[in-house]
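Enquirer: To start, I am sharing the structure in question, which I have written as structure tokens.
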Amino acid sequence: MSLVSLRRPSLLAGALASALLLGACAPMAPNATAPASPPPQAALPVDAALRAQTQAEVGPYLKTLETLVGIESGSRDLEGLRQLAGTVAERLRQAGMQVETRPTRAPGFHPQLKGAELGSMVYATRKGTGAKKVLLIAHMDTVYPRGMGAKQPFRIDGDRAYGLGIADDKQGVALILHVVELLARNGFNDYAELGVLINGDEEVGSPGSGPFLTELGGAYDAVFSFEGGGSATARGGDMVRLATSSIAIVEMKVTGKASHAGAAPEQGRNALYELAHQMLKSRQFGDPAKGLQINWTVANAGNSRNVIPAEATAIADVRSLTNADLDLMEASLKKSIEDKLIPDTKIDLSFYRSRPAFVSNAASRALAQHATGLYGGLGMPLEIRERATGGGTDAAFAGLRPRGGVLESFGLRGFGAHSNDDEYVLVSNVGPRLYLAARMVMDTGRGQIGW
Ligand SMILES: [Zn+2]
């Protein structure tokens with residue numbers, strides 16, 4: 001995200017940065033309390049020819065990744081996003097897909113973006129002769145403002161490919177391009193329809209593309225989202241995800257009364273005190289065991305030391321595992337501000353749901369099971385992550401009113417998402433992940449996976 005373009009009072013930039021840095025697809029933390037995943041499916045026979053093809057694809061894939069990383073595309077960098085959308089659209093067109101670019105805007109009521117133009121979506125489709133409709137999604141925008149590319153150029157060091165936004169989420173965009181091209185080269189069209197949606201506003205909460213993602217989720221039998229597929233660190237491993245957190249942004253504004261802090265403080269109504277009181281009280285509404293969190297991340301009050309502050313504002317980041325818990329948090333906060341420390345103050349509180357929770361259904365679990373069988377065929381474990389770890393993704397929008405199943409984390413194992421100097425993906429993960437994605441499209445398309 002390019003913070004500059006949104007800069008109003010510094011409060012906003014900080015709040016937006018914290019909400020969005022935490023908001024979108026944050027790196028996955030190991031999760032000791034995740035409920036037991038369903039038993040992995042028995043290993044499925046390997047398509048040796050396809051496995052050889054996906055391994056041979058690693059070189060061209062890295063070339064694509066270098067091209068995508070080389071085009072800076074922060075969420076507020078409309079020029080960079082336009083250029084990247086053009087590159088992606090052309091590749092999909094050359095792979096025989098019908099391609100359209102759909103402009104997007106934030107809703108007028110968005111607390112920060114207020115109707116702003118956002119990065120366009122690239123939507124591509126290809127009709128087939130098979131049973132099921134399969135949609136592949138990834139995002140091309142990053143959290144990095146223009147100019148940071150020079151600090152983190154694409155480079156390969158051993159088994160690591162480094163670059164700005166490479167893990168989040170340019171690796172996913174490149175995987176989708178190569179899966180589509182590989183299937184086209186093989187003449188595979190045993191699906192009812194293959195769809196691709198690459199959006200450009202994910203890192204600001206997908207306010208423009210979210211509704212369309214929900215619409216597509218209701219029209220496709222399976223949606224595969226290509227966020228990172230696990231941590232590259234020793235503790236990590238390959239995984240797919242069946243849950244992501246919901247996100248809300250809370251803004252609280254307290255209006256009190258100014259007075260001379262030395263001569264007549266009692267004539268004032270200290271808005272900062274009231275704000276602090278309300279923030280501290282609200283902590284009780286969090287419940288880590290339920291994955292329900294509220295964190296006040298930015299506050300602002302007062303301009304001069306000798307004046308009782310008449311205004312104080314703060315922004316909080318709220319996460320939950322279910323959308324119902326967001327409702328609970330909103331109701332608790334709205335009730336709580338009725339009880340004030342300083343009676344004559346006025347409190348305004350807005351609760352903006354920026355991203356729903358992704359909650360899996362039977363179809364999603366069947367897809368995850370099948371994926372473990374395919375990876376098992378390669379002799380590799382694939383964890384099914386059933387509990388959200390704090391990050392939110394677009395799988396949630398696609399899974400809001402699904403026709404079938406949604407599965408997250410089809411991307412590469414990586415590290416350092418949203419970091420200033422250390423973002424990379426594992427080169428050795430490219431072949432197996434390309435194979436997994438291609439097989440999942442094939443097996444789902446032909447209706448081989450039941451739910
Ligand atoms: Zn992401």
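The values are calculated or read from the model by the stated rules, or taken from the named source; none is laboratory data. Note that the structure is a prediction, hence the values are computed from the model and not measured. Positions of Cβ are generated from backbone atoms using ideal geometry, with glycine treated the same way; all protein chains shown enter the neighbour counts. We work out accessible area using only protein heavy atoms, side chains counted, and drop any ligands, DNA or RNA first. Shrake-Rupley method; radii C 1.70, N 1.55, O 1.52, S 1.80 Å.
Okay, residues lined up against (1) open to solvent by 60 Å² or more (accessible area, probe 1.4 Å); (2) in a loop (DSSP other than H, G, I, E, B); (3) of a type in the set (G, A, S); (4) in the same structural domain as S350 (by TED's automatic domain parsing):
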{"position": "P103", "(1), (2), (3), (4)": "yes, no, no, no"}
{"position": "P107", "(1), (2), (3), (4)": "no, yes, no, no"}
{"position": "H110", "(1), (2), (3), (4)": "no, yes, no, no"}
{"position": "K114", "(1), (2), (3), (4)": "yes, yes, no, no"}
{"position": "L118", "(1), (2), (3), (4)": "no, no, no, no"}
{"position": "M121", "(1), (2), (3), (4)": "no, no, no, no"}
{"position": "T125", "(1), (2), (3), (4)": "no, no, no, no"}
{"position": "G130", "(1), (2), (3), (4)": "no, yes, yes, no"}
{"position": "L136", "(1), (2), (3), (4)": "no, no, no, no"}
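Enquirer: Additional query: Would you say L183 is closer than 19 Å to T67 by Cβ and modelled with pLDDT of 95 or more? Even if it seems obvious, please write down each step before you answer.
Expert: On the way: closer than 19 Å to T67 by Cβ: no; modelled with pLDDT of 95 or more: yes.
No; evaluated as a whole, the condition is false for this residue.
Enquirer: Taking the condition free of Cβ contacts under 8 Å to residues at least 24 places away in the same chain, closer than 22 Å to V143 by Cβ and small (G, A, S), does S409 pass?
Expert: Details: free of Cβ contacts under 8 Å to residues at least 24 places away in the same chain: no; closer than 22 Å to V143 by Cβ: yes; small (G, A, S): yes.
So S409 fails the test.
Enquirer: When T233 is evaluated against the numbered criteria (1) surrounded by fewer than 24 Cβ atoms within 10 Å (Cβ to Cβ); (2) touching a Pro at 6+ places or on another chain (Cβ under 6 Å), which criterion, by number, is the only one it fails?
Expert: Here T233 clears every test but (2).
Enquirer: Also, I was wondering about something else. Of the residues R155, R126, which is of a type in the set (D, E, K, R) and either at positive phi or free of Cβ contacts under 8 Å to residues at least 12 places away in the same chain (or both)?
Expert: Exactly one of R155, R126 is of a type in the set (D, E, K, R) and either at positive phi or free of Cβ contacts under 8 Å to residues at least 12 places away in the same chain (or both), namely R155.
Enquirer: Of the residues E266, E274, E251, which single one is of a type outside the set (S, T, Y), away from the ligand (no atom under 16 Å from the Cβ) and open to solvent by less than 10 Å² (accessible area, probe 1.4 Å)? Even if it seems obvious, please write down each step before you answer.
Expert: Numbers: E266 fails: open to solvent by less than 10 Å² (accessible area, probe 1.4 Å); E251 fails: open to solvent by less than 10 Å² (accessible area, probe 1.4 Å).
That would be E274, the only listed residue that is of a type outside the set (S, T, Y), away from the ligand (no atom under 16 Å from the Cβ) and open to solvent by less than 10 Å² (accessible area, probe 1.4 Å).
Enquirer: Only strands (runs of 3 or more DSSP E) wholly contained in the range 304-387 count here; list those with 2 or more residues that are more than 24 Å from the chain's Cα centre (by Cα) and surrounded by 19 or more Cβ atoms within 10 Å (Cβ to Cβ).
Expert: 311-320
Enquirer: Then there's this: Would the range 404-426 turn up any residue that is surrounded by 24 or more Cβ atoms within 10 Å (Cβ to Cβ), away from the ligand (no atom under 16 Å from the Cβ) and assigned to a loop (DSSP other than H, G, I, E, B)?
Expert: Among the residues of the range 404-426, at least one is surrounded by 24 or more Cβ atoms within 10 Å (Cβ to Cβ), away from the ligand (no atom under 16 Å from the Cβ) and assigned to a loop (DSSP other than H, G, I, E, B), which makes the answer yes.
Enquirer: Additional query: With the requirement that a residue be small (G, A, S) and within 18 Å of the chain's Cα centre (by Cα), what does the range 233-257 give you?
Expert: Selection gives A243, S245, S246, A248.
Enquirer: Let me ask you something else. For the range 142-155, check the following and say yes or no: at least one residue is surrounded by 16 or more Cβ atoms within 10 Å (Cβ to Cβ) and under 26 Å from V223 (Cβ atoms).
Expert: yes
Enquirer: Where residues in the range 249-266 are in contact with a Lys or Arg (Cβ under 9 Å, 6 or more places away or on another chain) and at pLDDT 95 or above, which of them is nearest to R355 (Cα to Cα)?
Expert: The extreme case among them is K253.
Enquirer: Here is a further query. Could you tell me whether I176 is on the phi < 0 side of the Ramachandran plot and in a strand (DSSP E or B)?
Expert: no
Enquirer: Related question: Being β-branched (V, I, T) and within 16 Å of the ligand (Cβ to nearest atom) is the filter; apply it to the range 150-190 and report the residue that is nearest to E227 (Cα to Cα).
Expert: V173
Enquirer: Can you pull out the residues in the range 118-149 that are within 16 Å of the ligand (Cβ to nearest atom) and over 25 Å from A437 (Cα atoms)?
Expert: L118, G119, V143, Y144
Enquirer: Here is a further query. Do you know which residues across the range 191-209 are more than 11 Å from the ligand (Cβ to nearest atom) and within 21 Å of K133 (Cβ to Cβ)?
Expert: Correct list: Y191, A192, E193, L194, G195, V196, L197, I198, S209.
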